[in-house]
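Data first, discussion second: the structure below is written as structure tokens.
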Amino acid sequence: MDSLAYVREAPEAEDAAPMLSSGVLAWARANLFSSIGSSLVTIGCIALIAYWLPQLVAWATTRAIWSATNGALCRQHQDGACWAFVIAKWDYLRFGSYPVAERWRVDLVEAVGALLIGWLLWTNAPRRAWGALLFFIAYPILALVLLRGSSLLGLPIVDTLLWGGIFVSLLTAVVGIVFSLPLGVLLALGRRSPLPVVRMASVLFIEFVRGVPFITILFMANNLAPLFLPEAWAPDRLLRPLAGIVIFSAAYMAEEIRGGLQSLGKGQYEGALALGLNYPLMTALVILPQALTLVIPGIVNNFIGLFMDTTLVSVVGITDFLQAMNNAIKDPIWAGPTIMVTGYVFAGIFYFCFCFGMARYSAHVERILAKGRK
Amino acid sequence: MSASLARADAGGGAAIRFAGVHKWYGSFHVLRNINLTVGAGERIVVCGPSGSGKSTLIRCVNRLEKHQRGSVVVDGVELTDDIKRIDEVRREVGMVFQNFNLFPHLTILENCTLAPIWVRKMPRRDAEELARKLLSRVRILDQAHKYPGQLSGGQQQRAAIARALCMSPKIMLFDEPTSSLDPEMVKEVLDTMTELAQEGMTMIVVTHEMGFARQVADRVVFMDMGEIVEVNAPSPFFDHPRHERTKLFLSQILH
Amino acid sequence: MDRASAKRWSWLNDERARGLIYQILLLGCVAALACGAIYNAVVNMRARGIPMGFGFWNDVAGFDINLHLIQYSNLSTYGRAFWVGVLNTLLVSAISIPLATLLGFVIGVSRLSPNWLLSRFALVYTSILRNTPLLLLLLFWYNAVLKSLPGPRQSISIGGAVFLNDRGLYLPMPIARAPASLFAGAVVAAVALAFGFRAWARRRQDRTGTQAPTAVVAAALILGLPALVTAAAGAPFTFDVARLSGFNFKGGLQIIPEMAALVFGLVTFTAAFIAEIVRAGVLAVPVGQSEAAGALGLHRGLAMKLVVIPQAMRLITPPLTSQFLNVVKNSSLAVFVGYPDLVQIFAGTVLNQTQAAVQVMAITMAVYLAISLSVALALNAFNARYALKGR
């Protein structure tokens, strides 16, 4: 076979790979024990897991207290989590001090919102434009009326002072995104405008908001709004931080969208112009639909960040989920050394599940978009 | 037909010897029982459909891929997991990649002098002199102080050839060197490779450029599905292919 | 419209005219809003007796601050309180940024490790920390960990020199003795010599090609020279160890739990993001680069040092500086744990006491904007110099 000219006579049979090149042993050799250093690290990691993992699992499950009516049992058994506390406080954590009889309104708003968001985010959904219209215009009005109450409809008014818990966290985050998206689009378009005044105004706004901490924006909205508005307009205590959230989120949203607009390339603009479309038509029909679809993963990431940032609204007196947990922990009936840790761990799990889930969705959408854009 | 073929036939002065080489990716049998000897100064062109394993074959020569069975002996040194031997082989074997792989943060000159300075431990002045000589040989000396991003595709590939030559290798491997180039730049790179061949460099070239194969190759190797199907000198290979699969492949690409 | 009037209005269709009109309209609206806002503000502030100037700057503050890098007492002015706040913000940022970078790089490199377990550990770390609100982390560290430490009399002691209790972390405070200046001189000399040796080794390599082990020599110098000086002239520092006296500790270096919680939180949180940036940067360098380096005969260490890392650092630097800015901005969460930073002191206590909301917020935001702007300018200069050059 080793000669100048050669022609194959019979095909070579396929052979099974030698044991060390595939299968579990090969994998272990390559990934866990490929060198002395690596083997030591592997042994160290296994030792750590063997020591900590059983303790952790036991703390959270077998040694935990699952049902109790006060903190006595949890004080007795301090080596496990006090899930009974979380279960007992669950309604408060969800609704804050919202009157019990009216809580169905909150549930309704949450359900409708979830439906609409699901519709918008499902990549193959039919007639998503209708969904967008409903979500961005009709839903906020519905939510406002239902949550606040209206004497016209016979719904008792519930003061924003009583709102608290998970629904407030969700509300602030969703309102933030809903209103900051259009504002962000305007800012992004403004930043790319050929008109110098428009561009300057957009740049100043964006860089100002992005350069200061979120807390200062909240303080500014909370303390300065009553000063800069006429006495008669005194804005509601929830409305002020909501405005701050919208402003803050809009600046970051604008940068995401600008990235999407830039990646579209000149070809799309030129194609639209060549067809005779003017600026508003081109933007609305050709540019924005593509740019927004491109930045959906970025928008979802913004939403995750915003959801985590809503924890800061407690600094201006709004009771979000974390603040509700803080309040619940202070209840003297449940006082005990494990309560605080249990509460914070639960809050951590809640935020983690929510944010991680959204991050997975964002990665999923990114994959789908990448396939289409080959 | 020339003296180098006779040399290869006699098995003496073999630059590269594959003996019973098999390779698996996981459970996929990508190289099956490869037996091939390349004599010193010989020019081999490897062709075949995509997925046939031809890139994997030449990447086994400088251990960018590891074979699992059989032996690969390069310039008398057998390739195993021994790092010293691998480094030894890589010093004597130069490689040119399909997407050039020039270092974008260094100038062309610095790209060429990097390995001579750090591996062969040459003084900087000597390394630069050598680099300039080779850059003028591939006719891009005027680009020496530019960065790769500022050159055209054809210029970048010629720079990559010069970079590999700066290590004074005994063997040059080319992995589809013109496949990423615009048509009008393919010729300048093939001309450079032809000149190199005429100076007696041992070469293995994976390519679809059959004109080049006819003109320059001593032998053409046709691979399909991981095995060597046919080997012959260019004229008999192209004019009288003997195996069914070779005939099929040639009919598809020579239209 | 008939021909004559159509012509008269045709200038409205001129793109430039339209552009001008839009801009004038925008300016007009903004000006109107601004005037309205300012008018309302003046009216409201007068009605509520809120001061409108900066006179409060020199008024006596009347409150204590438990961490001040410059002289401060409750008889100092609001202006001085402002500077204390600024310095505290810079202090916590200056400590957190290097620690977060170090931890972030370690975790990022672990993410890239071929050892599967190590890479998974790092993945668990970044996944959890990037999906947890920073405030939750801070509250956890502060309330659940640091505040539940025992009191000073039952402190956790490490080696009898480091003490941990609910009043803080007590480290031995180094006090310079006579040979201290000699020691400092030795360190400076060692560093200078190390750089000098490196320069000499480089020139020799250029001339003759032989390489020298610069890293080893530098380490030997920086560790060895000061050690020699210490052996010859005596210890350069004694340590003032904190001692329990009465109900509390005296002496030593006290790190208040507020600061410890803020630093822990900021470092662990930011490190997760830095780790992802490092990982993305290294992965973005095409694999062909290390293959080409290997094909040229460079072994793995040299390939990393000369080819992969220089390219990765260019990709890592912009998002890394963005994270540094985030640390500075996130330090404002100090208000939740009571660490006296700029926001907590100035936009918190001072604003509440003086009610001069507009002035206080304007100054506070100006400080953060100044920091953001300077970092952005520095980054631009860096990019201009080091960006990869294309056509």
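Read-outs: derived from the displayed coordinates by stated rules, not from any lab. On a predicted model such as this, the values are computed, not experimentally measured, just so you know. Cβ: placed from backbone, ideal geometry, glycine included. Neighbour counts: every protein chain shown.
In table form, for the structure just shown:
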read-out	value
Cβ-derived FRET efficiency at R0 30 Å, B:ASP82 paired with A:GLU9, nearest 0.05	0.25
Chain A: most fluctuating residue of A:LEU186, A:LEU224, A:LEU48 per GNM, C-alpha cutoff 10 Å	A:LEU48
Dipole magnitude (debye, nearest 20) for the protein assembly as shown, charges at Cβ of Lys, Arg, Asp, Glu	1240
Ranked by how many other beta carbons lie within 10 Å on average, peptides C:170-178, C:303-311 from highest	C:303-311, C:170-178
GNM flexibility winner over chain C from C:LEU164, C:LEU373, C:LEU135 (Cα, springs under 10 Å)	C:LEU373
Full-stretch length increase - C:TYR386, C:ALA176 - with 0.36 nm per residue and alpha-carbon distance subtracted	71.4 nm
Extension reserve of the C:LEU25-C:VAL188 stretch, reckoned as 0.36 nm per residue once the Cα distance is removed	52.4 nm
Simple spin-label estimate for A:LEU144 and A:ALA16 in nanometres, 7 Å along Cα-Cβ	7.2
Value of [θ]222 nm, deg cm²/dmol, for chain C, DSSP H segments ≥ 4, -39500 (n - 2.57) each, nearest 500	-21000 deg cm²/dmol
Tensor-based shape of chain C (alpha-carbon gyration tensor, a/c under 1.5 rounded, otherwise prolate or oblate)	oblate
Per-residue [θ]222 nm for chain B (sum of -39500 (n - 2.57) over DSSP H runs n ≥ 4, rounded to 500)	-11500 deg cm²/dmol
Among C:GLN344, B:LEU109, A:GLN55 the positive-end extreme of the charge dipole of the protein assembly as shown (Cβ point charges)	C:GLN344
Residue-averaged beta-carbon neighbours from other chains (10 angstrom radius) around C:134-143	5
Among C:ASN44, A:ASN70, B:SER251 - extreme Cα towards positive end, dipole of the protein assembly as shown, charges at beta-carbon	C:ASN44
Cβ-derived FRET efficiency at R0 30 Å, C:SER322 paired with C:ALA201, nearest 0.05	0.25
FRET efficiency for B:ILE253 and B:ALA19, using Cβ-Cβ distance with R0 set to 30 Å, rounded to 0.05	0.50
Inter-label distance, nm, simple model (7 Å from Cα along the C-beta direction), B:LEU141/C:GLN353	7.8
Computed helical MRE - 222 nm, chain A, DSSP H runs ≥ 4 contributing -39500 (n - 2.57), nearest 500	-21000 deg cm²/dmol
Cα-based convex hull volume of region C:174-282 per residue, rounded to whole Å³	154
Mean-position separation - Cα centroids, region C:245-273 and region A:165-209, in angstrom	37
Stretchable slack from C:ILE50 to C:ARG300, in nm (0.36 nm times residue separation minus alpha-carbon distance)	83.2 nm
Peptide B:240-253 - average C-beta neighbours from other chains (10 Å radius)	1
Global geometry of chain A, whether rounded, prolate or oblate, following the gyration tensor of its Cα atoms and the 1.5 cut on a/c	oblate
Rounded Å value of the spacing that divides the Cα centres of region A:265-298 and region C:293-341	35
For A:PRO297, net neighbour charge (Lys/Arg +1, Asp/Glu -1) across residues whose Cβ lies under 10 Å away	-1
Net charge, C:LEU139 excluded, C-beta distance under 14 Å - Lys, Arg +1, Asp, Glu -1	0
A:ALA129 paired with A:ASP236, simple spin-label distance in nm, labels 7 Å along Cα-to-beta-carbon	3.3
Sequence-distant residues sharing a close amide H with B:VAL46 (under 5 Å, placed H)	B:VAL205, B:VAL206, B:THR207, B:VAL221
Shielding by other protein chains, A:215-221, mean Cβ within 10 Å	6
In region C:219-321, the chymotrypsin sites (Phe, Trp or Tyr not before Pro) that fall in loop regions by DSSP, at most 14 other Cβ within 10 Å	C:PHE247
Distance between region A:82-142 and region C:205-242 - C-alpha centres, whole angstrom	64
Anisotropy class of the protein assembly as shown from Cα gyration tensor, a/c 1.5 cut	prolate
Segments B:33-39, B:143-149, A:211-217 sorted - mean Cβ within 10 Å per residue, highest first	A:211-217, B:33-39, B:143-149
Ranked list, fewest to most other Cβ atoms within 10 Å of each Cβ, for B:ARG63, A:ARG63	A:ARG63, B:ARG63
